[in-house]
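Undergrad: Below is a structure I'd like to ask you about.
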Amino acid sequence: MTTIVVGMQWGDEGKGKIIDILSEKADIIVRYQGGNNAGHTIVLPKEKFILHLIPSGILHKNKKCVIGNGVVVDPQSLIEEIVDLKKRGIEIDKNLLISERCHLIFPYHRILDKLREKKGLLKIGTTGRGIGPCYADKVSRCGIRFADLYSNDFKKKLKNNIKEKNAVLKTYGFKGFVFTEVYEQYQEFGERLKSYVCNCAAILNKAIGNKKNVLFEGAQGTLLDIDYGTYPYVTSSNAIAGGVCAGAGIAPTSIDKIIGVIKAYTTRVGEGPFPGQFSPKLMREFQHLGKEYGATTGRARRCGWFDAVLARHSVKINNLKTIAITKLDVLSNCETIKICTGYRYKNEVLKDLPADSDILFHCQPIYEEYAGWQEDISQIKEYKNLPDSAKKYLCKIEKLLMVKIKIVSVGSERGQTIFI
Ligand code: GDP
Ligand code: IMO
Ligand code: MG
């Protein structure tokens, strides 16, 4: 059985928590895109983990965790993550596998990312991790992969890249990189990570053939997808379920199930259109109640009501039939709750997400309003015990999206989860 877990909004939907729970029944957990721009939080009774590159199944014993070829890997960041997890008693060496086809993030990617944000024409509000420039090199065919690190060509490839990047960096007034320093550093990283690097697609396809349970862990979310997100305010990979095939080396016919993860309201970090963004006062309240601060950069997340236009877009692109809804507990104490069901744009009513972000910037949300609930729901274990107005809210979402809600998350811990 293969299952994809995909984010339905602009990331941070609580994928880490849901994947951690679903990992119990999985044999292998696979990241297929993104990099250390991701921050997936898992809260245990006494400890909190934030994973950036290592799949969120790693906290369970004896689960293989695969970093698929579609992931861009900053080796320094990965080594730090490994060291930290090992210190905390997590078994890594037996369980972690990294695709030899993963592209590597170099210091020039990180600097280019930051300088473009500071001095370029378009500010995306990136995480500054070098993700975009690394994927750009991959597509330009000058990227460097793990396989290259262990080949005689590494020296030549890196030399060419540094020469080219230094010329660009000069135009930003940055002095550039010294080849030997980067070369030596990356040789060392290569040695430290060598034992994890392998042909992951072969292992995954064999496991699928042997009917193992494989869980694919999406990073970011559908609205940050390079093709189907709010371009250009997106990340540089295919975060949608469709990204799994290319990002892990799996055929479309090998996918059995796709689960969407969505927050009970909407958040976004960084720049870009957000039609239902709250006024500053309400936003501060949600940031406080929902602890809406980025797991990777610590930036405050922008917040708004549940947006069914965005959610329906995700349902279509990922062909979702079942979803998990998170952070329902954060809505407790709202006198009324709103859902955006369409956008007013000039004299039209839009029910679908426009491709043009400039249009989206000028869309006004059309809301339906519902009664809220005042009870604390964070300890509720069964659907039937939820307040009536919470159940009505969930039913409305199911109707608007034409999906079944199978999981309701009412707190950050494993136990704070209702299965329907
Ligand atoms: P991810 O990137 O999709 O894995 O999500 P993040 O970890 O970046 O952000 C989700 C945040 O919400 C984390 O701090 C989680 O611990 C927390 N969280 C997840 N589910 C719930 C929930 O149902 N209720 C509350 N209050 N917090 C939750
Ligand atoms: P997880 O997996 C939320 C956002 C950045 C920025 C845009 C581009 O934790 O849900 P990038 O550094 O990727 O070039 O930045 O994408 N972004 C995320 N927002 N959650 C994430 O990951 C994100 N990864 C990138 O804030 O707007
Ligand atoms: Mg996150």
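The rows are residues; the columns are (1) among the β-branched types (Val, Ile, Thr); (2) at positive phi.
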residue: Asp12; (1), (2): no, yes
residue: Tyr32; (1), (2): no, no
residue: Ile58; (1), (2): yes, no
residue: Cys65; (1), (2): no, no
residue: Val73; (1), (2): yes, no
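Undergrad: Could you list, in sequence order, the residues of segment 262-275 that are open to solvent by 10 Å² or more (accessible area, probe 1.4 Å) and within 26 Å of Ile18 (Cα to Cα)?
TA: Passing the criteria: Val269, Gly270, Phe274.
Undergrad: So, one more: May I ask you to list pairs of residues, at least six apart or on different chains, whose Cβ atoms are under 7 Å apart, with the first in segment 250-271 being under 20 Å from Ile420 (Cβ atoms) and the second being open to solvent by less than 10 Å² (accessible area, probe 1.4 Å) and of a type in the set (Asp, Glu)?
TA: What qualifies is Val261/Glu13; Ile262/Glu13; Lys263/Glu13.
Undergrad: For segment 105-135, which positions are of a type in the set (A, V, I, L, M, F, W, C) and open to solvent by less than 50 Å² (accessible area, probe 1.4 Å)? I'd like the intermediate steps shown before the answer.
TA: As a first pass, look at segment 105-135 and keep what is of a type in the set (A, V, I, L, M, F, W, C): 105-106, 111-112, 115, 121-122, 124, 131, 134.
Hits for segment 105-135 are Ile105, Phe106, Ile111, Leu112, Leu115, Ile124, Ile131, Cys134.
Undergrad: Also, quick follow-up: Go through segment 361-420 and report how many residues are touching a helix residue (DSSP H, G or I) at 6+ places or on another chain (Cβ under 7 Å), open to solvent by 80 Å² or more (accessible area, probe 1.4 Å) and in a strand (DSSP E or B).
TA: 1
Undergrad: Taking the criterion of being within 14 Å of the chain's Cα centre (by Cα) and either surrounded by 24 or more Cβ atoms within 10 Å (Cβ to Cβ) or not assigned by TED's automatic domain parsing to the domain that holds Ser140 (or both), would at least one residue in segment 88-98 satisfy it? It would help to see each step written out before you state the result.
TA: So in segment 88-98, the residues within 14 Å of the chain's Cα centre (by Cα) come out as none.
No, because not a single residue in segment 88-98 is within 14 Å of the chain's Cα centre (by Cα) and either surrounded by 24 or more Cβ atoms within 10 Å (Cβ to Cβ) or not assigned by TED's automatic domain parsing to the domain that holds Ser140 (or both).
Undergrad: Sort out which residues of segment 136-147 are open to solvent by less than 20 Å² (accessible area, probe 1.4 Å) and touching a residue at least 40 places away in the same chain (Cβ under 8 Å), and write them in order of number. Steps first, answer last, please.
TA: Of all residues in segment 136-147, those open to solvent by less than 20 Å² (accessible area, probe 1.4 Å) come to 137, 143-144, 146.
Matches in segment 136-147: Gly143, Ile144, Phe146.
Undergrad: Right, here's the next one. Let me confirm something: among Thr296, Thr326, Thr322, Thr341, which residue is modelled with pLDDT under 95 and of a type outside the set (Lys, Arg)?
TA: On the way: Thr326 fails: modelled with pLDDT under 95; Thr322 fails: modelled with pLDDT under 95; Thr341 fails: modelled with pLDDT under 95.
When all the criteria are applied, what remains is Thr296.
Undergrad: From the residues in segment 21-60 that are among the basic types (Lys, Arg) and modelled with pLDDT of 95 or more, which one is nearest to the chain's Cα centre (by Cα)? Step through it out loud before you land on a result.
TA: Keep residues of segment 21-60 that are among the basic types (Lys, Arg), which gives 25, 31, 46, 48.
Applying the additional criterion that residues be modelled with pLDDT of 95 or more yields 25, 31, 48.
On the way: Lys25: 21, Arg31: 10, Lys48: 18 Å.
Of everything passing the filter in segment 21-60, Arg31 is nearest to the chain's Cα centre (by Cα).
Undergrad: Modelled with pLDDT under 95, farther than 20 Å from Thr3 by Cβ and within 16 Å of ligand 2 (Cβ to nearest atom): does that describe Arg268? Working first, answer last.
TA: Numbers: modelled with pLDDT under 95: no; farther than 20 Å from Thr3 by Cβ: yes; within 16 Å of ligand 2 (Cβ to nearest atom): yes.
No: the conditions fail for Arg268.
Undergrad: Right, something else. Among the helices (runs of 4 or more DSSP H) contained in segment 116-174, which hold 1 or more residues that are under 14 Å from Val72 (Cα atoms)? Give the derivation first.
TA: On the way: elements: 131-140, 146-149, 154-171.
Passing ranges, in order: 131-140, 146-149.
Undergrad: Let me ask something additional. Pull up segment 284-341, narrow it to residues that are surrounded by fewer than 20 Cβ atoms within 10 Å (Cβ to Cβ) and in a strand (DSSP E or B), then point me to the one that is farthest from ligand 3 (Cβ to nearest atom).
TA: Thr336
The values are calculated or read from the model by the stated rules, or taken from the named source; none is laboratory data. Because the structure is a prediction, the values reported are computed rather than measured. No Cβ is skipped: glycine too gets one built from the backbone with ideal geometry, and neighbour counts run over all protein chains shown. The protein model used for the area step is the full one, side chains on, heavy atoms only, and it has no ligands, DNA or RNA in it. Shrake-Rupley method; radii C 1.70, N 1.55, O 1.52, S 1.80 Å.
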